[in-house]
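**Student:** The structure's right below; bear with me while I get my questions together.
Read-outs throughout are calculated quantities, based only on the coordinates presented, and are distinct from any laboratory measurement. Everything quoted here is computed from the prediction, not taken from an experiment. When we count neighbours, we look across all protein chains shown, and the Cβ atoms used for this are built from the backbone with ideal geometry, even at glycine.
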Amino acid sequence: MISNVRYWFLMFLVLVVYIAGMFSTLFENDSAQFAVMAMRMVQENDFINLIKGTNEYLDKPHMHYWLAALSFKLFGLHDWAYRIPGLLATLLGAYSCFGLGKLLYNKEVGKIASLIFLTSQTIVLSGIDVRTDAVLTGFTIFGLWQLTAYIEKNALKHMILGAFGAGIAFSTKGQIALVVIGLPILCHLAYTRKWNRFINWRVIIGVLVFLLTIAPILYAYYVQFDLHPEKIIRGRSNRSGIFFILWEQSFERMSGEGIGKNSSDYFFFFHTFLWVFLPWTIIGLAAYYRRIKTFIRLRFNYNPRYEFLTLGGITLIFILISFAQFKLPHYLNSIIPLFSVLTASYLFSLSVYSKKNVIKFFLGVQYFILGIVFIAITLFCFYVFELRSFYSYLLLAITSVIVTYYTLKQEEYSIRIITIATTASLLLNSVMNFHFYPNLLQYQAGSAMSKIIHENKIPVNTIYKLTEEHTWSLDFYNQYPVQIISLEELENKNDSWLYVSDEELQIIRESVYDWDKQYTVDDFRITRLQAKFLNPTSRRKTLKSKYLIHIIH
């Protein structure tokens, strides 16, 4: 469908966009929070206890933090070092999409699936705003690919690799990993009737490999929680870490118990999917619809031309997570590989069977999406945050020339669909990673204040805050957590700085304390963008301030 030269050229550009995102300031809350948790491991040489701020952290297993800590050990405490494990896991996910697509269909489908995966908006975003889902997604699709290969080839190596991938995924986010791997596997077994593959000695080896892989996190949970029943975790004592991760975790997320409820909208993930799979959304939905029609026509009888792994897996996982009372958009990341393979197979079939009218329709859709992207980047570059450097204009010009070239190039419609969709993602995310996010992050108070602290050589161990409000980005870039102090305790500090909000500054004014130096930065919750903020004329109305003041007695 697409030449190797073009394929690898596009892959190279995709990698450039991902690498550009690695060097951005860490986002609050999750990315900066997780980086601080891994930083604490390195600084205190404590890789057993997971601590969030001043509290014991039960919610997620250790693997993501261990990988980030290992990267910090190797490369130092840098934001780009924190992102390395996530990027490597994403590349593993792309290669696994290729492997699964090739296994279920052919090499061309695998190549397209890999490209679709890497250019899906939520996956690109996960490369800069790195959370546990980057590692989870990479290893779940790797484990799923290998276990599917075991079913098809009955080779022990695939069982071992599949069990290892499932173990790492479980060690990253718990039971959801087994759900994302297990449901598609069950669908595949039910459709192909190859149940006998899981009734032999190789499965025992796989179970042992899985148990060995998750043993380190079970041990860590045991030491941190099971050995200390006196600890109060989420208002309860006698918390078993092992019981939590093996049983309680997913039920808490489904019910909202412990972590709270944020959405009872059963269609949350449907309207979220509309943007997370861009620029492939319409084709992906069409692929899903056509595959359902095909299976209904076949009455779900086995046909070697088709596979039920992707369709069945997507459907069951989607239904299950839609009933969860706590929902976030990145929960969909783990099914993006399945959608990538399904969408790639549909595009390939359209090409093979010369469905010209359908292909022309999808080409029109991709031109429309590209047009929206052009409008968006124009606003981002010349209105929201104006380009100011020659290099920014040069980069935008080069990217636009590449996109325009492929847009106007006369070639097969199926090839143009893939190329235009990919270049639309490249155009948008190159502007986001090289221009939009760096400007946006100037309004993240913690990281902005850390620059002032370093420029003025303020000792980080003299900086305090009055409340338990998290200061993740300031903590990370200071490489020292901001300590909590009361106004009464402040009296005993000879040289101290306070990091405060507008409200807290007013409290200081009304107290017995005064200050002789003050630094001020803008403060905005950058992960919750709103139209008023994006509009330069009304942006000031959306901003708060954070202050660093030097207390004098």
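**Student:** How much length, in nm to one decimal, is gained on full extension between Asp502 and Leu15, taken as 0.36 nm per residue of separation minus their Cα-Cα distance?
**Tutor:** Using 0.36 nm per residue and subtracting the Cα-Cα distance, I get 171.1 nm.
**Student:** At what distance in angstrom do the alpha carbon centres of the stretch 66-97 and the stretch 2-58 lie from each other?
**Tutor:** 6
**Student:** Would you please put 301-310, 99-108 in order of how densely packed they are, using the mean number of other Cβ atoms within 10 angstrom per residue and starting with the highest?
**Tutor:** The packing order, highest mean first, is 99-108, 301-310.
**Student:** In the chain, with Lys and Arg counted as +1 and Asp and Glu as -1 at Cβ, which of these residues, Ala155, His435, Val482, has the Cα nearest the positive end of the dipole, that is, farthest along it?
**Tutor:** Among Ala155, His435, Val482, the one farthest towards the positive end of the dipole of the chain is Ala155.
**Student:** Right, something else. Per residue, how big is the convex hull around the C-alpha atoms of the stretch 423-464? Give it to me in cubic angstrom, could you?
**Tutor:** Normalising the Cα hull of the stretch 423-464 by residue number yields 75 Å³.
**Student:** Among Tyr266, Tyr18, what is the fewest-to-most ranking by other Cβ atoms within 10 Å?
**Tutor:** Lowest count first: Tyr266, Tyr18.
**Student:** With runs of 4+ DSSP H residues as the only contributors, calculate the mean residue ellipticity of the chain at 222 nm using -39,500 (n - 2.57) per run, divided by the residue total and rounded to the nearest 500.
**Tutor:** -19500 deg cm²/dmol
**Student:** Let me check against my output: what whole-number percent is the relative contact order of the stretch 444-552, with C-alpha pairs under 8 Å and at least 6 apart?
**Tutor:** Reported as a whole number, the value is 31 percent.
**Student:** Order these by the 10 Å Cβ neighbour count, fewest first: Cys97, Cys381, Cys187.
**Tutor:** Ascending number of Cβ neighbours within 10 Å: Cys381, Cys187, Cys97.
**Student:** Determine ³J(HN,Hα), in whole Hz, for all residues of the stretch 335-341 in sequence, where each value follows from phi through the Karplus function 6.51 cos²θ - 1.76 cosθ + 1.60 and θ = phi - 60°; x replaces Gly and Pro.
**Tutor:** Values, residue by residue: 9, 4, x, 5, 5, 5, 5 Hz.
**Student:** Could you size up the charge dipole of the stretch 1-117 around its Cα centre, putting +1 on the beta carbon of Lys and Arg and -1 on that of Asp and Glu, and report it in debye to the nearest 20?
**Tutor:** 560
**Student:** Under the definition of Cα pairs under 8 Å and six or more residues apart, what whole-number percent is the relative contact order of the chain?
**Tutor:** About 16 percent, as a whole number.
**Student:** Only four residue types carry charge here, +1 at the Cβ of Lys and Arg and -1 at the Cβ of Asp and Glu. Report the dipole size of the stretch 4-352 about the Cα centre in Debye, rounded to the nearest 20.
**Tutor:** Its charge dipole is roughly 1360 debye.
**Student:** Here's something else I'd like to know. Can you work out the FRET efficiency for the pair Asn301 and Leu156, with r the C-beta to C-beta distance and R0 = 35 Å, to the nearest 0.05?
**Tutor:** 0.65
**Student:** For Asn535 and Phe368, what is the calculated FRET efficiency with R₀ set at 22 Å and r taken between the beta-carbons, to the nearest 0.05?
**Tutor:** 0.30
**Student:** Let me ask something additional. For the stretch 344-429, with only Lys/Arg (+1) and Asp/Glu (-1) charged at the beta-carbon, what is the dipole magnitude about the Cα centre, in debye rounded to 20?
**Tutor:** 200
**Student:** Have a look at Ser31, His62, Val207 and report the one farthest towards the positive end of the charge dipole of the chain, computed about the Cα centre with Cβ charges (Lys/Arg +1, Asp/Glu -1).
**Tutor:** Val207
**Student:** Can you sort Trp247, Trp497 by how many other beta carbons sit within 10 Å, fewest first?
**Tutor:** Trp247, Trp497
**Student:** While we're here: With a point put 7 Å past each Cα toward its Cβ, work out how far Ser392 is from Asn55 in nm, to one decimal.
**Tutor:** Here the answer is 3.9 nm between the modelled labels.
**Student:** Per 20 Å bin from zero, what fraction in whole % of the C-alpha pairs of the stretch 4-352 is there, up to the bin with the longest pair?
**Tutor:** 30, 59, 11, 0
**Student:** For the stretch 444-552, what is the Kirkwood hydrodynamic radius in Å, using each pair of distinct C-alpha atoms?
**Tutor:** Evaluated over the stretch 444-552, this radius sits at 14.6 Å.
**Student:** Which one, Ile402, Ser425, Gly364, is farthest towards the positive end of the dipole of the stretch 350-434 when Lys and Arg carry +1 and Asp and Glu -1 on their Cβ?
**Tutor:** Gly364
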